[in-house]
Structures are given as C-alpha cells and as structure tokens.
Amino acid sequence: MTGRQKLRNGTWIIPGTGERSQRQFTLRAPNLDGPGDGDGMRSLLEQETMGEKLRVLTHNARVGAYDAWVWLKSEKGKGTLKCSVAYLFASLWTFYPPFARFLGPMDGKHIVATITVYFHPWRTTGSQIEAVAIAVVAVLYAMLVGTLSMLTSVVVGSSWHQVKLSYALILLIFIGGGLGFIGWVKQKLNNPLVSVGVSIASIGIITIVTKENSVHSGVFSNQKIVQSLKILLIATTITTIVNLLLWPVSARIALRNTMRKASVSLGDMLSTVARGFLSGAEDNLGCGGFAKSAAAYNVIMTTMNKNLRESKYEYYFVGREEVYKNDKALVRSMERLAQSLGGLRSAANTKFELLEEKTNGGTFSGNMSPTKINSPTLGRSTSGPLKSGSKIDLLSSIDEAPDERSDVEDDPLPTLFREAPPSLASGGLPPDALRTPSEIFELFITRLGPSMKSLVHTLSQILQDPPFGAPGSPITVNEQYKQSVEEALSLFNSARAKALEELYRIIELDRSRPENVQADYEEVAAACGHFSFTLLSLGDEMQRYLDSLDDLEYATEQNRRSWNFLKFWNYIQLRNKQAIQDPEQDPFIKPVKSLRRSALPKGIPDDMMKRRDSFSWDAAPQASQFLRNTSQRLLKLGRFLATDDIRFGLKVGIGAILYAMFAFIPQTRPIYQHWRGEWGLLSFMIVCSMTVGAANTTGFSRWFGTLVGAAFVLLNWWISGGDAIPLAILGWLVSFGSFYLMVDRGNAPLCRFILLSYNVSSLYAYSLSQQVEDDDDDEGGIHPIIKTIAWHRVVAVSMGILWGLIICRVIWPLSARRKFKEGLCVLYLQMGLIWKRGPLAILLRNDSTGTYMKVGEQEAMQRYANQLQTLRSAATSEYELRGPFPAEAYGRIQASTQRLLDAFHAMSLVTQKHGRLSTGEKALLYHTAEERSQLCARTCHVFQVLASSIMLEYPLTDAIPSVEGTRDKLLGKIFRFRKGYDDGGEESTGEPNGNGNGKSAMMGTVTKVPNLGTVTIEETDYALLYAYALVTGQVAKELKNVEKEIEGLFGRLDEDALLLQ
C-alpha cells in the first residue's frame, strides 16, 4: 500500500464497571528483555594509569559487595543460607561430643548431615511434609530389610549351621529383592523426592547388610537399627525446624504467585497475537514476540504445576481440601486458555502463510477474461497486480492510532478506497476495487479491527488483573467481569457478522474473475473468518475461566475444614462401587486418561503389542487350543516381566547381587572392607537410571562431585589440623558453595555428590579420631590418614559408577534415543488416527455439535509431547559409535509437532463451537464427502509413513503421497459446485459421493440436494469448508517440514538405488 494506515479505536467494555468507552488504548508489547545492566563491573584492561586501575578495583569491589548483598536478600540467597545452616547444625552431631554420645559408640554419625543434604530445607512447607514422609518410609523400610536379614542369618546360619545358605538367601532376597524393589519404586513413581528416598533407604540397607558384622557373624544386634532411627529423627527435625522458622516458604502462597504471573503472561500472549494479526507484522508471532511470551509462560506453568502438587499436602494438612480442588480446576482452566491461544496463533499464521503462498505464485491481471478451470491448483494460483508494480508486498502494516481523539471517527476504508468517489463509502465499490488478497485482509481489518482490538483489550485487562491473594485471604472477583465479557463478545460477534457479510458481498461484486482468482479471494476471506471465530472461542473459554474463579471464591468464603482423605474406608467403598456394572450410571463420553506428569512415554501401546503376540495363532486356527492358551499365558507373563519398570527393578537387583557378593565371600570380604565397597554399591544404586543417557549424566556428576569433595577434604583437613571447630566452619563454607550450585545454578546432583563425598571422608575421619567402634585400623584408627580415607572413597565411588554404567548398558539397556523415537512414532500414529475421523464428518451425525476429538484427548497428546522433551534431553547424553544424537534436528521436528497440535486444537474449536449446520452447509459437506474422506485418509497415511521412517530410521522415497494435491481437489470440487459444473458436465450430483442427480449453483440460487429438499446456498456457508481447508493446509505444511528433517537425517531413496545385496 502507499501509506501506513492508522487503526481507529472502537467501543470497548471496561471490565471492572461494564461501561462502554472510546478512550484511547494500544495493545502494547510486553517487556521480556529484563532490566539493563546499569553501572556494573568495569574492565581493568581498559585502564592505563595505576590510579585509574585502583579506582576501578574500588568500584568493582563496591559493586560486587552490593550485588552479593542483593543476592543474599533474594529468594535464592535465603535458600542457600537455609541449607547451609541446616548442614552446620547436622554436622554438630559429629563434632560436638554430647551430641555424638547420644548417637552411640558406632560410626555413621555423618549420615545426619547426609540426610540434611538430601532432604534440604530449601523447599516449600508442602514439599517438606512430603519429604519427611518419604524419609520416614525409606528408613523404616531399610530397618525392616536389615532386621529380617539379621534374623535370617541367626536362624539359618547360627541355628541351622547353614552359613553359605544364609548368605545366599540374604543376597537373593534382601540385597537383590530389597534393592531391586526400591529400584522399581524409583522408576515407577519417577519423582525426584522418591529418588532421594531410595538413596537414603539404600544407605541403610547396604550399611546393615554388607558392612556390619552382625549379619556375617549370625548375631542379632539392634544397635545399628536404634542409631538409624535416632539419625532419622534428628535429621528430619533439623530440616523441618530450619524450613519452618528461617524464611518459611508456603506452597500455597507460591501457587497463588505463579497463578498471577501465568494470568498476566496469558494476557501478554493474547495481546501479542492480536497485535501481530492487526498490524501485519509476522515477527510478532515468531521468535521476537509470541515465542518469547510462550517460553516465559511455559516456565511459569512448570513452576505452577510443581507448586500445585506441593500445595496439596499443605491444603490437606490444614483441612482445606475443597480449596485445593478448586485451585487445581483453575490451573487446568489456565492450561485450556493457553491451548486456545495456541489455536489462535495457528489461525493467525494462516494469514501470513496464505499471503505468502499467493504472492509466490506471480501476478495476474485483474481485467483478464474468465477462464473455465475444472480443477485449479490453489497452492500455485496467482493473485493480482500490485501497486508498486514490481516488488511483492504481502500486507502493508496497519498501525494503531494512540493520539487520535475519541470524538473523531477515522475513515473506515483502506487507503485505496479513500481515493474512490464518495459513493463507495456506502458500499458502491467498483468491480476491480479489490485487486490483491492483501487488500481483502486490509478491508477486513478495517471493518472488524476496532471491535477485535476492543475485545482483546477487554480480555487481556481481565487476565492482567488477577484476583489471587494469599491463601485464606478473600478472593475478590469483580462480579462485573462476566457481564463485561458477555457484552464484549456480543459487540464483537455483531461486528464480525457484519464485516464478514460485507466482505463476501464485495468479493461477489465481480464475477468476471477467473475461478482460481475468485478462489484466492474466498480462501483469504475464510482465513479472516477463521481467526475471528477462534477469537470468539477464546472468549467462551474465558467465561469458563471466570466460572472457575467464582467456584474458588465460594470455596474460600465457606472456610470449611475437612480431612476426608484420612477416611480410608471411602477408598474401599469406591472400589466396590466400581465393581457394580450399571449401564445407566456410565457416562456417555468417557474422558481420555492423560499421561501422568511424572511418567515417561511408554512407547508401543499394549493393544498393539497384544495383536503382535496373537496374530500368528489367529492365522493357525487348526492349532491345539491347549497349546495356544498355555503359550499365550506364558507370553503374557513374559510381557509383564518385560515392562520397563519391572525390568529396571530386576536389573538393579541383579547388579546389586553381583557387586555385594564380594562382601559374603570369605576370600574377598577383606578387600571389600578395605576399599569401602559399601560406598561403591551405593554409587551403583544412585547411578542406575532408567535410560542409558540418564545413567551417563548421573555417573559423570557423581564422579566429578566425588573428586571435588575429596579435594575439599584434603584442603580443610590440612587447614584445620583435624580440630572440630575449624572443620565445622570450613565444612559450612563448603556446604554454602555446594548449595549455591543447587539453589542458584540448578545443579542439585553435583551439590549432593560433593557433600556426600565430603561427609564420608571428612566427618567420618573425625569420628574415627573420637574412638568409635569400627574396623578402621587400615585408615589410621584414632589418628586417621586423611589421604587414604579420601583415596578409598574415590576408588569405591569410581568402581560403583563404572559398574552401574556396565549394568545399564549390558543388562536390558533402555536407550533414551529408542524411547524417544518410539514415543514420537506413537504420537504421530495417534494424530493420524484422530485426523482420519474427519473433523467435519461429526457435524453430519444427527446434527452433532461436538468435536472430532474426545474429551481429554488434546491434553493427553500435549502432555505426551511435553514428556518427549525429557527423553530428548536424556538422549543427548548417550554416546554411540554412530555419533551423537541429532538433538537440533529432532528439536525442529518437535517444534513442528507442537504447531500440528495447535492446528488440531484450532480445528477442534471450529467444530465444537460451530453450532447447528445450515442446510447450505449440509449440502456442501455432502457434496464434498468423498474428497474430505480422501484428504483425511491421505493425511493419516502421511502420518503413518513419517512415523515408520522415524521408528525404523529408514530413508524416505520421493513417492510420499501429497496432502496438498488432495486438498486442491477438495477446493476444486467446491469451485465446481459454485459454478454449476461437475466432473462430467453441468449437472451437479448433490450426492455425498457426487454420483446422483441435482443442480448446484452460485450463491443465492436454488440447489436441490437429496434428503435436504430445495435449499439456498449462501456465501457464508462456504466459510466452514474453507476454514477446514486452511487448517489442513497448515497440517500439510508442517508435515512437509517434518519430511524435510527426516530426509536430512536418513536420506532419500531414488529409483536407481540397489537394495538387494
């Protein structure tokens, strides 16, 4: 266009009062860059004289001290101090003699500090409740296994004099079974706190069973059990007191804070998408605008879900179960709002993709004579001459007018219409008034832009003013919000209908255009309608969000307390109720069960595996029925034992037996004791992870942390000379630096491993100097040799790490690469099957107003895709001779997958909110049934081909079916329906398959369709099909992007390839 237009403001609803206003406002971009550096550190290299360097040093010291003070006052600084203070108190039970005597004469007092490291106090109160519960269960389980192992040794070894048998039973049952079971629990729950509890339980089991002499001598002793219970009580008391008294953090307050941030972030995302659509600036939807807002929201959403889970323990503890349930419902409502925003972004992207598609095809003359085209290829159709004559301009930018007066109405027509005679303002447009698709967009934005901008402003104002306060404080939801949203939606819906009606009327003024050009215009008009409709659906979702707010406000005002979760008999009754089969009580629509947030994608589903296991028997009906049943039962048992969590538990148990057996062989037990094999076995338990990549990552952190911890041991012992007070202070400094790595840098494993290595060397060495009961002569006894102690720990840990990596690689190795590929393959298969249902076919089923996606299916696929990110991260740490994992390429594939999910959701909104079909829409859907069926089948086919290529790592061929070609056939069928031509002539079938008798004509003419009678086809009836075609075009584009990435990874086969070798 020749100039930049100014978009006037329309009437908008003030959310708080419901008043209509024409005050000026803009949809401003959120500031995501953060504050500037200010007057920070200065470089010494840039200074010339000594005086300048001294001034710079003084300035840098002042700045550094100020930054350190600011950091100490921050949440992360307080968290680091909390953890280090708890560690200092825990270490006193080793250094302070009265405390040490309370724990008894045995060694192992350093485990108090170890538990405070694992269950550190830098957590919310809800997480602390969970941590204490897990620690209690872990220690009690370890005591149970230890007690039973000693009883076995006493009964079998001493009473029956079967020492070797007792050793075998202890190894198989209590080492293999006991450690294998907690390995299974670790994998099954996949919870960081549970993993920490597994480590604590492993310390207790390994110490009692393999290190202490009670099991080996066949004598029952409760000294270690009593000491372990004391250690648990002291450590949990220290962490709990520090957690509650020193800068306590409530998960409920943190949840409300993140809910506020998420609400504001959603408002920013909404403004960004609308501003990008209205201004024509595609960068707003790319990496510069929406992507940054979405990335910030994803971080907030992850934290919010974590706070939600932890707040559950606080709410249940104080008897606020109903408030928690409503908090959870509100968080899920926010997730649905984010999904709707993803659909809105997908609808906005169709605008830019469509304009780019049309302009890339070249130009055409608006005055050229019409040409009969039976099946035009819209993806390559031409658009029209541009005013610049040479350079293609997709869409001239339309700016907001921040300085305009509310009492002055701008000319609502685009620049090209301002040059027309006055009669055009009333609708008398010349036939060639719209010469390019971009001008259609400009006309639409000029007509609906003010109302769209006003609706977005009203919705974003509500989102950016969240009513969440501290838990227990009143939640004041403005009662006017609902009415304001309803009125804003009513105004927008009215303006939308008028704008689309005028848009289609103007398009129909010139019927002399070629069919492919007319199709371009109609497709662009459908894109406008699609975006406005998706925005309307977002407004409906906002109303449900306000309903959730009302429910939370009501639950907060009731202030009722209940502890129904303690009524265990309710769970028993629930199971009995579920056993009763009452068809009348079954829901009509059963929601799809979503993947647990902590669970990893399983890969190949059970139904598919069941079919693979039985098709051979199905193909041989003459086979023995007894043999078939027996084989199927054995296979079913084998499949159960072959599940990932069961195999992981078995793998851990086998590895623990093979490592711990050296503690029970008389010839190797001295070597096991000398090199502290118990710490190697513990390292094996820590390193063993579900996937090889996770084991590699944990193993490196464990080994590096051990080296760093050993270095600090030698340094601190040399400085302190083995005295208690200097060792306690220096240990506090080491803990402060380690907890800084965990709290501020997010590297919790390295922090734990540094301090674990420090504890088992430095604190253990001081315990030896206090004449504890331990077989420690090889390490100096009351005069500990610190170098020997540190060296033994480093060797033991290294051997345990190496053994863990060998077990994870040799025994049933589970590659994160393979799990990722299986998960991505299954996701694509699922998406293909969902699309094959036909997004529009459901609308013809008894006037259904539902959606082609089942309840919960969108959330399930989204959560599945999110969990694939975890597997992709773990796969980067797997080393293979074939080379490193192509994380960047698969990252781009996942980005395309996310856009596919957004397109699926956008299409779901179209079908869910469309309402009842008009007779004209039914006629169109019946007439295009065959083409739509082929298009859905073709899309499903492409999904399956891509899934197979990813799973098998096979190259693609150049014969992959094209979705775009089938889509063009659908559009061609629509055009022929318009013009009155069928495949063989002028008679239109009207049958679903196109083979009946009937006539189809242009808008406003009469068309006879079977089972529908005589109907009138209006122009707006085409919008639904065009919206479907637009979303299908987006799906086709992303599938092409995935195909290119797969081709870049695995190559492409041509017809000259020689495969038979």
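The values are calculated or read from the model by the stated rules, or taken from the named source; none is laboratory data. Here the structure is a predicted model, which means the values were calculated and not measured. Positions of Cβ are generated from backbone atoms using ideal geometry, with glycine treated the same way; all protein chains shown enter the neighbour counts. Protein only, heavy atoms only, side chains kept; ligands, DNA and RNA dropped before computing areas. Shrake-Rupley method; radii C 1.70, N 1.55, O 1.52, S 1.80 Å.
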>> Sort 1047-1059, 104-116, 660-672 by packing, meaning the average of other beta carbons within 10 Å per residue, with the highest value first.
In response: 104-116, 660-672, 1047-1059
>> If I model a spin label at Q622 and D550 as a point 7 Å from the Cα along the Cα→Cβ vector, what separation in nanometres do I get?
In response: 7.1 nm
> Using a probe of 1.4 angstrom, how much of the accessible area of the range 615-704 is carbon and sulfur, in percent?
Replying inline: 72 percent
> With labels modelled as points extended 7 Å from the Cα through the Cβ direction, what inter-label distance (nm, one decimal) is found for I729 paired with R55?
Replying inline: 3.8 nm
> By the scheme Lys and Arg +1, Asp and Glu -1, what is the net charge of all other residues having a beta-carbon under 10 Å from that of C688?
Replying inline: +2
>> Taking 20 Å as the cut-off for C-alpha to C-alpha distance, list the pairs among K261/K292; K836/K1037; K109/K230; K636/K836; K969/K1037 that go past it.
In response: K636/K836
> Among residues other than V826 whose Cβ falls under 12 Å from its Cβ, what is the net charge (Lys/Arg +1, Asp/Glu -1)?
Replying inline: 0
>> Quick check on packing: order 450-463, 293-306 by the mean number of other C-beta atoms within 10 Å, highest mean leading.
In response: 450-463, 293-306
> Going by average Cβ neighbours within 10 Å, how do the peptides 735-746, 50-61, 922-933, 539-550 rank, with the highest at the top?
Replying inline: 922-933, 735-746, 539-550, 50-61
> Quick one: if the Förster radius is 25 Å, what FRET efficiency do E353 and Q934 give, using the C-beta to C-beta distance and rounding to 0.05?
Replying inline: 0.65
> Rounded to the nearest 0.05, what FRET efficiency do Y66 and Q223 have when you use their Cβ-Cβ distance and R0 = 41 Å?
Replying inline: 0.20
> What is the range 610-678 by shape, rounded, prolate or oblate, if you read a ≥ b ≥ c off the alpha carbon gyration tensor as root eigenvalues and call it rounded for a/c under 1.5, prolate for a/b larger than b/c, and oblate otherwise?
Replying inline: prolate
> How high is the relative contact order of the range 776-911, in percent, counting Cα pairs under 8 Å that sit 6 or more residues apart?
Replying inline: 26 percent
> What does the charge count near L552 come to, summing +1 for each Lys or Arg and -1 for each Asp or Glu among other residues with Cβ under 11 Å from its Cβ?
Replying inline: -4
> For the range 1016-1061, with every protein chain kept in place, what is the accessible area per residue (1.4 Å probe, Å²)?
Replying inline: 47 Å²
> Please state the relative contact order of the range 145-277 as a whole percent: Cα pairs under 8 Å, 6+ residues apart?
Replying inline: 28 percent
>> At R0 = 22 Å, how high is the FRET efficiency between S631 and I811 if r is their beta carbon distance? Nearest 0.05 is fine.
In response: 0.25
